[in-house]
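Here is the structure we will look at, set down as structure tokens.
The values are calculated or read from the model by the stated rules, or taken from the named source; none is laboratory data. Note that the structure is a prediction, hence the values are computed from the model and not measured. Positions of Cβ are generated from backbone atoms using ideal geometry, with glycine treated the same way; all protein chains shown enter the neighbour counts.
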Amino acid sequence: MKIVFAASESVPFSKTGGLGDVVSGLSKALVKKRHKVYVFLPFYLKTKRGVLDNYEFVDSFGVAMGNQMIGCNILKDVRDDVTFYFIECGEFFERDGYYGYGDDERRFSFFCQAVRKAILRFNLQPDIVHVHDWQTAILPLLLADAGLKFRSLLTIHNPLFQGYFNPYNLGSYLDLQEYYYSSGLLRFNDQVSLLKGGICSVDAISTVSRTHANELLSDFKAFNGLGYILNNRRFDMFGIVNGIDYTNFSPDNDSHIVKEYDYKTYKEGKLANKKAIYEKFGFNLNELDCPLFTAISRLTSQKGVERIVRNIPQLASQGAKLVLLGQGDSNIEQTLKDYCNQYPNTLKIYLGYSEELSHLLYAGSDFFLMPSRFEPCGLGQIIAMHYGSLPIVSKVGGLNDTVISYYDNKANATGYSFDGWDENGFDYSIGLAIQMYYGHSEELDNMIKNAMKEDFSWSKQVNEYIDLYKNLLAR
Ligand code: ADP
Ligand code: GLC
């Protein structure tokens, strides 16, 4: 099959969270199964400054945004046999960050228009167009509007973001007739929603776990009423759990950690990495036998960070330590700084983004905290399990589908999961984990081995996408 991806991020060119990992891991796995994959990405300042220096210039054209013509270049780079095309446009993408600007909907409308034009000019003729989240959700409609024939899949990684703008701007952002708004296809809560337009125009929709697909379909009010829209398409709605890319994340082959290990050698391996964390953050090396918790996350209400904060006194009183790596909401960041001053022997934080540090923390920690309010899939807990750091998670979305809970199945457990609505479940699980750690419990040893032996590779998960693409082509 010839598959075109369009997305707002992909490792190693751009990443703010799991989307970047998924686009890269899935496209590499598809190519290994001998499919042709073309990935369209914006050419951000960070892409330009960092990893991309060997690209080829392939085209240059203008895109009409209303009565303004905006120029862009198309650059190309082939990595692991995946062809990446970048849309370079100074006005929209040469900025310090990726998102969070007042004109994001205009930026990504432009991106989708530019991708459409490139697909037509290069005569790519894809069998499948697979788009991700609101930023690219509208591309299949734009292509169909231009007369192209293909099958399309929209994957919703995060339903919270729906890409709204004033319908007045429809013609100047997207070059689509007013009819698409008045007929209701693009209209959501009296604005244009790019996500809704995608949901109503693609052949199928997926999200990144089965449990989250059910959650989206069973709650009509959540996410601004997205359940109503999705229920109209419930027979075309799928849930496919994410994999991780073992060439990026494997404790037995990782240049970011101080000692590599596998499930047979994890004790020495994890201890050496834990020591490196203690040295880096200034914890007392005489306290290496304390349980070390970590959390690596965007700091937003989605991730339940306030539940972690609430537990800092408990961690302190039980002699545990926590290193948190994250960035996001400035109120959460300030609260964390305050707690850090109050509990210097318990809590250390790194507010920012660091790929290297994240690997060291997965490797050197004993437990990984992810008490999310909602979680379409979650990669943090999957990576943590692979590195033998036991996840303590709320039983929502993909956390439910990936962690085998100690409370449900002691022999096969890979972590602890508590009911998402149960505020005490998290506190209790932390207490139990600490108790089992100090008790040198054999069960804990068994859980670590179970977690490390699970197969979360894309080479396994990719088959579900291939089956879905084939199913769409057979329609
Ligand atoms: P989400 O996509 O909702 O942010 P996921 O758990 O799916 O959550 O994916 C998060 C990804 O981003 C993981 O690869 C995690 O290691 C990484 N990550 C999150 N925050 C940071 C950070 N501050 N520094 C480095 N990596 C981070
Ligand atoms: C989103 C979700 C996360 C998921 C990731 C990749 O950011 O919040 O749960 O793992 O996308 O699919």
### Summary
Those residues of region 445-467 which are at pLDDT 95 or above and either at positive phi or surrounded by fewer than 19 Cβ atoms within 10 Å (Cβ to Cβ) (or both) amount to 445, 446, 449, 453, 454, 455, 457, 463, 464, 466, 467
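Let's see how each residue does on (1) modelled with pLDDT under 95; (2) closer than 23 Å to residue 377 by Cα; (3) within 16 Å of ligand 1 (Cβ to nearest atom); (4) not assigned by TED's automatic domain parsing to the domain that holds residue 463:
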site: 181; (1), (2), (3), (4): no, no, no, no
site: 203; (1), (2), (3), (4): no, yes, no, no
site: 215; (1), (2), (3), (4): no, yes, yes, no
site: 222; (1), (2), (3), (4): yes, yes, no, no
site: 226; (1), (2), (3), (4): no, yes, no, no
site: 233; (1), (2), (3), (4): no, yes, no, no
## Note on the structure
The correct count of residues that are surrounded by 15 or more Cβ atoms within 10 Å (Cβ to Cβ), more than 16 Å from ligand 1 (Cβ to nearest atom) and either under 19 Å from residue 339 (Cα atoms) or among the hydrophobic types (A, V, I, L, M, F, W, C) (or both) in region 272-290 is 5
### Query
How many of the residues in region 113-141 are in contact (Cβ under 8 Å) with a residue 12 or more places away in the chain and more than 15 Å from residue 161 (Cβ to Cβ)?
20
### Message
Considering only region 40-59, I want to know if a residue exists there that is buried (at least 18 other Cβ atoms within 10 Å of the Cβ), free of Cβ contacts under 8 Å to residues at least 60 places away in the same chain, closer than 30 Å to residue 169 by Cβ and of a type in the set (S, T, N, Q).
### Response
yes
### Query
Going by the conditions given, is residue 461 within 16 Å of ligand 2 (Cβ to nearest atom) and either among the basic types (Lys, Arg) or touching a Phe, Trp or Tyr at 6+ places or on another chain (Cβ under 8 Å) (or both)?
no
### Query
Quick one: which of 208, 202, 241 is of a type in the set (Val, Ile, Thr) and more than 21 Å from the chain's Cα centre (by Cα)?
202
### Query
Is it the case that some residue within region 258-268 is buried (at least 16 other Cβ atoms within 10 Å of the Cβ) and of a type in the set (Asp, Glu)?
yes
### Query
Among 439, 398, which is surrounded by 15 or more Cβ atoms within 10 Å (Cβ to Cβ) and assigned by TED's automatic domain parsing to the domain that holds residue 297?
398
### Task
Test residue 41 against the stated conditions and say whether it is closer than 17 Å to residue 99 by Cβ, in a strand (DSSP E or B) and modelled with pLDDT of 95 or more.
yes
### Query
residue 427 versus (1) away from ligand 2 (no atom under 16 Å from the Cβ); (2) without any contact (Cβ under 8 Å) to a residue 40 or more places away in the chain; (3) over 25 Å from residue 272 (Cα atoms): which is the lone unmet condition?
(2)
### Query
Does residue 326 meet the test of being in contact with a Leu (Cβ under 6 Å, 6 or more places away or on another chain) and either modelled with pLDDT of 95 or more or within 19 Å of residue 423 (Cα to Cα) (or both)?
yes
### Test: residue 356 is surrounded by fewer than 16 Cβ atoms within 10 Å (Cβ to Cβ), within 12 Å of ligand 1 (Cβ to nearest atom) and either closer than 20 Å to residue 425 by Cα or modelled with pLDDT of 95 or more (or both)
yes
### Task
Residue by residue through region 195-238, note down the ones that are assigned to a strand (DSSP E or B) and in contact with a Pro (Cβ under 9 Å, 6 or more places away or on another chain).
207
### Query
Of all the strands (runs of 3 or more DSSP E) wholly in region 297-383, which have at least 1 residues that are within 18 Å of the chain's Cα centre (by Cα), within 16 Å of ligand 2 (Cβ to nearest atom) and basic (Lys, Arg)?
none
### Hits in region 401-414 - residues which are in a helix (DSSP H, G or I) and crowded, with 24+ Cβ neighbours inside 10 Å
402
### Task
Test residue 226 against the criterion of being surrounded by fewer than 19 Cβ atoms within 10 Å (Cβ to Cβ) and away from ligand 2 (no atom under 13 Å from the Cβ), and give yes or no.
no
### Message
If residue 298 satisfies all but one of (1) basic (Lys, Arg); (2) away from ligand 1 (no atom under 14 Å from the Cβ); (3) within 30 Å of residue 434 (Cβ to Cβ); (4) touching a Ser or Thr at 6+ places or on another chain (Cβ under 8 Å), what's the number of the condition it fails?
### Response
(2)
### Candidates 179, 164, 98, filtered to the one that is in contact (Cβ under 8 Å) with a residue 12 or more places away in the chain and more than 18 Å from residue 47 (Cα to Cα)
164
